[in-house]
Amino acid sequence: MEAPKSGEYHYDVKDPDDAHVVHAAIIGKADAVVTDDTRSGMETSESLCAASVEVVRPYRFAASTVIAHPEAGHRAIVSLARWPGLLTCHESLWGVRSGS
């Protein structure tokens, strides 16, 4: 498997603007690429398959992580919930902002 460092990436993805992600995954010996981009063509990329890089949707990655490491998953969710600027559970469920 070759992964050129020249910055010109020629991988088998539908969107050439996503080829740098494939390049980084291969060079970095990633186990997975987590993406919600269904137009990229990464799911059918022979380059990623040959490098044993799985393409995973964010919700599956999050669920698998929480199942594998419940305590760490809980800490991550609590941390995200406290992140400045994120919607609260109430806001995201009901589409309203606090104090509105």
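Within 15 Å of the chain's Cα centre (by Cα), hydrophobic (A, V, I, L, M, F, W, C) and on the phi < 0 side of the Ramachandran plot - does that describe any residue in the stretch 39-46?
yes
Tally up the residues in the stretch 31-55 that are part of a helix (DSSP H, G or I) and either buried (at least 17 other Cβ atoms within 10 Å of the Cβ) or touching a strand residue (DSSP E or B) at 6+ places or on another chain (Cβ under 8 Å) (or both), please.
Final tally of qualifying residues: 4.
Values quoted throughout were computed directly from the atomic coordinates according to the rules given, and no laboratory measurement underlies them. No experiment lies behind these values; they were computed from the predicted model shown. Cβ atoms come from the backbone with ideal geometry, glycine included; neighbour counts cover every protein chain shown.
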